[in-house]
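Take a look at the structure set out below.
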């Protein structure tokens, strides 16, 4: 059997595909304008965090809808929460999100470098 060696472009394409598949939850979370707003609000808060009602008021969204978005962000580790008396406060953590996004960026850069660019084809 003759093996078909993969090219640098094929390896870069596969790496990019694998990075996107492994990090699809983070990419989907970041795709939502509401979740982007929540992350920005929590990123600007340096003290004890914000409650769901405070966040809902700031992004002008219902409390249930805001809670839904917060759950998605919490499930993938971008935010966390703690309870104080009868209130839940949310705060930014990002856990490994920055590392994941850096890997996606590196895979995309590798992929772009492996593809002939239009200006290279005309020389």
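Remarks
- Rounded if a/c under 1.5, otherwise prolate or oblate - the range 29-82, Cα gyration tensor axes: rounded
- Distance-filtered residues of the range 61-79 - backbone nitrogen under 11 Å, label point 7 angstrom along residue 53 Cα→Cβ: none
- Fully extending the segment from residue 63 to residue 114, taken as 0.36 nm per residue of separation minus the present Cα-Cα distance, adds 13.7 nm.
- Cubic angstrom per residue, convex hull over Cα atoms of the chain: 155
None of the figures in this text is laboratory data; all of them are computed from the coordinates on show. Because the structure is predicted, anything quoted here is derived from the model rather than measured. Please note: Cβ atoms are built from the backbone with ideal geometry, for glycine as well, and neighbour counts cover all protein chains shown.
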